[in-house]
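S.K.: To start, I am sharing the structure in question, which I have written as C-alpha cells.
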Amino acid sequence: MQKITIAIDGYSSCGKSTLAKALAQRLGYNYIDTGAMYRAVTLYALENNIIDDAENIDVETLLKALPKIEVSFELNTKTHNSDVILNGVDVERDIRTMKVSGLVSKVSAIKEVREKMVALQRQMGKKKAVVLDGRDIGTHVFPKAELKLFMIADPDIRAKRRQTEFSSKGQYFTIQEVEMSLLKRDMADISREESPLTQADDAVILDNSDLTREEQLEFVLKLIADLQFISREEQSQH
Ligand code: DC
C-alpha cells in the first residue's frame, strides 16, 4: 500500500488526537501531536518564569531561549503512545493542565515559535507514513498531504469530552469553565496572524458529534481505500 501523509486539523477537543492515534495504530504510521509541541514550549515558558502571574509573555526572553528548547517524541512502553519530551524530560502529563491550555494559544501565535515547530514537524514527517494533528497541517505544514481532514463537533459535546478527560486526571472544572476555555482558544486560533486555523479547500469535513470512535475510523479508512484505488486507476492509465 502506498504510504501517505494524513493531516488532521480542526477546533480544540474535536477528537483529533483520538482519531489520529487510532489511524496511526491501524496503519502502522507515526503519529505527531503538533499541539503537544506548542504545549511543551508553553510549559517551558511557565517553568522558566517567562510568563508572569498576569499571563504576560516576555517574548524577547522566550525567543532568546528558543534554541535551547528541544521538543521530541518518545514511545511510552506502558501506554504504547508517543509522549512529548521537553529537554530530555517526559512532560506528557504536565502539558495537559488547564493552566497550559489557557496559555498555549498565546505562545503558539508567536511567529518564531511556529517556525521552529513547523520545521521540526516537516522533518519528522518527511518520509510519509505519518498522521499529524493540529491547526495548520493541511494548510501550511503539509499542504500536499494526500488526505486532509477537518474535524468539527458540537461545542457542548466537545466541552463534555474535555471535562471527562480533565477529571480522569484529577482536575475538576465545571462544564461552563471548560466550554469558555475551549471557545476562547478557538477564537485565538482562528484570528491569529500566523497560519490561523482554517479549513483547507481540499479537506474532508468530519463532524463527529454523533459518531463513535469506530465509526470515525471506518469512515477514514474508507477514504484511504478510495484514495489508493484512485491512484492505482491513474497509474494504469499512464
Ligand atoms: O491540539 P491541542 O489542543 O493540544 O493544541 C494546543 C494549542 O496549540 C492550540 O490551542 C493551538 C496550538 N496549535 C497550533 O497553533 N498549531 C498546531 N498545528 C497545533 C496546535
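S.K.: Within the range 31-44, work out how many residues are over 22 Å from Ala200 (Cβ atoms) and either surrounded by fewer than 22 Cβ atoms within 10 Å (Cβ to Cβ) or not charged (D, E, K, R) (or both).
M.R.: The qualifying residues number 5.
S.K.: Kindly list, by first and then second residue, each pair from a residue in the range 8-30 that is more than 18 Å from Ala203 (Cα to Cα) and in contact (Cβ under 8 Å) with a residue 12 or more places away in the chain to a residue that is open to solvent by less than 30 Å² (accessible area, probe 1.4 Å) and near the ligand (Cβ under 10 Å from one of its atoms), limited to pairs with Cβ atoms under 6 Å and residues at least 6 apart or on different chains.
M.R.: From the range 8-30, the pairs are Ser13/Leu182.
S.K.: Now for a separate question. If we keep just the residues of the range 6-44 that are within 14 Å of the ligand (Cβ to nearest atom) and among the polar types (S, T, N, Q), which is nearest to Lys128 (Cα to Cα)?
M.R.: Top of the filtered list is Thr34.
Yes or no, residue by residue, for (1) among the charged types (D, E, K, R); (2) surrounded by fewer than 17 Cβ atoms within 10 Å (Cβ to Cβ); (3) in contact (Cβ under 8 Å) with a residue 12 or more places away in the chain; (4) away from the ligand (no atom under 12 Å from the Cβ):
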position: Ile152; (1), (2), (3), (4): no, yes, yes, yes
position: Asp186; (1), (2), (3), (4): yes, no, yes, no
position: Glu194; (1), (2), (3), (4): yes, yes, yes, no
position: Leu197; (1), (2), (3), (4): no, no, yes, no
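S.K.: Out of all the residues in the range 110-129, which are touching a helix residue (DSSP H, G or I) at 6+ places or on another chain (Cβ under 8 Å), surrounded by 15 or more Cβ atoms within 10 Å (Cβ to Cβ) and among the charged types (D, E, K, R)?
M.R.: Arg114, Lys116
S.K.: Here is a follow-up. Return the total of residues in the range 173-184 being of a type outside the set (S, T, N, Q) and open to solvent by less than 40 Å² (accessible area, probe 1.4 Å).
M.R.: 2
S.K.: Do you know which residues across the range 171-192 are modelled with pLDDT under 95 and farther than 14 Å from Ser12 by Cα?
M.R.: If the condition is that a residue be modelled with pLDDT under 95 and farther than 14 Å from Ser12 by Cα, then Gln171 is the only one that fits.
S.K.: Within the bounds of the range 218-229, is there any residue that is open to solvent by less than 80 Å² (accessible area, probe 1.4 Å) and in contact with a Pro (Cβ under 8 Å, 6 or more places away or on another chain)?
M.R.: no
S.K.: How many residues are closer than 24 Å to Val113 by Cα, open to solvent by 50 Å² or more (accessible area, probe 1.4 Å) and in contact with a strand residue (DSSP E or B) (Cβ under 9 Å, 6 or more places away or on another chain) if we restrict to the range 140-150?
M.R.: Final tally of qualifying residues: 2.
S.K.: Working only within the range 1-23, note down all residues that are out of contact with any Asp or Glu (no Cβ under 6 Å at 6 or more places or on another chain) and surrounded by fewer than 21 Cβ atoms within 10 Å (Cβ to Cβ).
M.R.: Answer for the range 1-23, where residues must be out of contact with any Asp or Glu (no Cβ under 6 Å at 6 or more places or on another chain) and surrounded by fewer than 21 Cβ atoms within 10 Å (Cβ to Cβ): Met1, Gln2, Lys3, Thr18, Lys21, Ala22.
S.K.: Restricting attention to the range 45-58, report how many residues are more than 16 Å from the ligand (Cβ to nearest atom) and open to solvent by 40 Å² or more (accessible area, probe 1.4 Å). Before you say what the answer is, go through the steps one by one.
M.R.: Going residue by residue through the range 45-58, those that are more than 16 Å from the ligand (Cβ to nearest atom) are 47-50, 52-54, 56, 58.
Adding the requirement that they be open to solvent by 40 Å² or more (accessible area, probe 1.4 Å) leaves 47-49, 52-54, 56, 58.
Number satisfying all stated conditions: 8.
S.K.: Is there a residue in the range 98-109 that is open to solvent by less than 20 Å² (accessible area, probe 1.4 Å), more than 22 Å from Lys3 (Cα to Cα), in contact with a Lys or Arg (Cβ under 7 Å, 6 or more places away or on another chain) and hydrophobic (A, V, I, L, M, F, W, C)?
M.R.: Yes, the range 98-109 contains at least one residue that is open to solvent by less than 20 Å² (accessible area, probe 1.4 Å), more than 22 Å from Lys3 (Cα to Cα), in contact with a Lys or Arg (Cβ under 7 Å, 6 or more places away or on another chain) and hydrophobic (A, V, I, L, M, F, W, C).
The values are calculated or read from the model by the stated rules, or taken from the named source; none is laboratory data. Just so we're clear, the structure is a prediction, and the values are computed from it rather than from any experiment. All Cβ positions, glycine included, derive from the backbone under ideal geometry; neighbour counts span all protein chains shown. Ligands, DNA and RNA are stripped out before the accessible areas are found, and what is left, the full protein with its side chains, is counted by its heavy atoms. Shrake-Rupley method; radii C 1.70, N 1.55, O 1.52, S 1.80 Å.
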